[in-house]
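Scroll down for the structure; my scribbles are underneath it.
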Amino acid sequence: MVKVTFLGHACFMVQTDSHKVLIDPFLTGNPQATLKAEEVEADAILITHGHDDHIGDALAISKRTGAMIVANFEISSYLGRKEAKTHPLHIGGSREFDFGKVKLTPAFHGSSRIEDDAFVYLGMPAGVLLTMGGKTIYHAGDTGLFGDMKLLGEMNEIDVALLPIGDNFTMGVADAVKAVEFLNPKYVVPMHYNTWEIINANPQEFVDLLKESPAQAVALKPNESLSL
């Protein structure tokens, strides 16, 4: 069994009986989070892009647990210089690890953070295809709708798609519904909404619009899980 747990905003824990993989671990300062960063254990950490609400607590969790951070080359290099254990990937590239397979996919967004009042460029944003325990999880990262999502659906049997619906910085509800059509997952979970007023959205509207879809839409509350 593979369990996918929503930890708030765009942060998820994916776990099997033997491994725990954390995605976009924004916990400290996350008004949705019910867990503290120091309470979370992980074997690996995946990061979709360089914004603070996605890199989040990755460095601290990695140093405490020894978890390897998997991200694009720029983020891996940036966090590696801060003494984290990292592995670099880039868009279209994949790698087998002891916990499963990770492939970075395109995402249309930005990727940077501010240090000393200056922007630090952190490479291209990405989505993630994570295969663990025979299941494939697609975390779209922060992205707008794009046509090549259809290719991702054609080339991969996606068990659950984790899609932003908060609009303003990412897809809104209507575009996310179209993304589900392209991706053809078995399940879909909305994310990246209602953390702040600027990305307020109604997850029930998203679920209702997918009632006739082959995909089963599930709006998880923080710390709720979906078992695959």
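State the label only: which of (1) 7, 32, 36, 19, 5, 0; (2) 8, 37, 40, 14, 1; (3) 7, 24, 24, 20, 14, 7, 3, 1, 0 corresponds to P(r) over Cα pairs in 10 Å bins from 0, in percent computed from the shown model?
It is the value labelled (2).
Give me, ordered by chain and number, the residues 5 or more places off L35 or on other chains with an amide H under 5 Å from its own placed amide H.
The list, which skips near neighbours in sequence, is empty: none.
Can you give the FRET efficiency for E212 and F108, using 1/(1 + (r/R0)^6), R0 = 22 Å, r = Cβ-Cβ distance, to the nearest 0.05? Walk me through the numbers before you get to the answer.
On the way: r = 27 Å, r/R0 = 1.24.
Between E212 and F108 the formula returns 0.20.
Using the Cα centre as the reference, give the magnitude of the dipole from point charges on the C-beta atoms of the stretch 1-144 (Lys, Arg: +1; Asp, Glu: -1; all else neutral), rounded to the nearest 20 debye.
440 debye
If amide H atoms are built 1.01 Å from N in the plane of the peptide, which residues on other chains or at least 5 residues away come under 5 Å of the amide H of T143?
Those lying under 5 Å, H to H, from T143 are M171.
Using the Karplus curve 6.51 cos²θ - 1.76 cosθ + 1.60 with θ = phi - 60°, what ³J(HN,Hα) values do you get for each residue of the stretch 181-191, in whole Hz, with x for Gly and Pro?
Whole-Hz 3J(HN,Hα) from phi for the stretch 181-191: 4, 5, 7, 6, x, 6, 10, 9, 10, x, 8.
Can you compute the modelled spin-label distance between D116 and E41, with each label point 7 Å from Cα toward Cβ, in nm?
Reported label-point gap for D116 and E41 is 3.9 nm.
Modelled label-to-label distance, Q204 and E157, 7 Å Cα→beta-carbon offset: nm?
Placing both labels 7 Å along Cα→Cβ, they lie 3.6 nm apart.
In sequence order, what are the phi-derived ³J(HN,Hα) couplings for the stretch 205-215 according to the Karplus relation 6.51 cos²θ - 1.76 cosθ + 1.60 with θ = phi - 60°, rounded to whole Hz, with x for glycine and proline?
Result, rounded to whole Hz: 4, 4, 4, 5, 5, 9, 4, 8, 7, x, 7.
How large is the dipole of the stretch 90-165 about the Cα centre if only Lys and Arg carry +1 and Asp and Glu carry -1, each at its Cβ, rounded to the nearest 20 debye? Before the final figure, lay out the partial values.
On the way: 6 positive and 10 negative charges, 48 e Å.
Taking the Cα centre of the stretch 90-165 as origin, the dipole is about 240 debye.
Could you tell me which residue out of I165, S77, G50 lies farthest along the dipole of the chain toward its positive end? Charges go on the beta carbon: Lys and Arg +1, Asp and Glu -1, centred on the Cα centre.
S77
How do the peptides 28-38, 78-88 rank, highest first, by the average count of neighbouring beta carbon atoms within 10 Å per residue?
Values: 28-38: 15.0, 78-88: 16.5.
So the order, starting with the most tightly packed, is 78-88, 28-38.
Just to be sure I understand: if I project the alpha-carbon convex hull of the stretch 101-228 onto a plane and average over all orientations, what area do I get in nm²?
Values: hull surface 34.5 nm².
Mean projected area of the Cα convex hull: 8.6 nm².
At R0 = 41 Å, how high is the FRET efficiency between M1 and A174 if r is their beta carbon distance? Nearest 0.05 is fine. Don't jump to the answer; show the numbers that get you there.
Numbers: r = 33 Å, r/R0 = 0.81.
Efficiency for this residue pair is about 0.80.
The numbers here are math on the coordinates, done by the rules we state, and not lab data. No experiment lies behind these values; they were computed from the predicted model shown. Every residue, glycine as well, gets a Cβ built from its backbone with ideal geometry; the counts of neighbours run over all protein chains shown.
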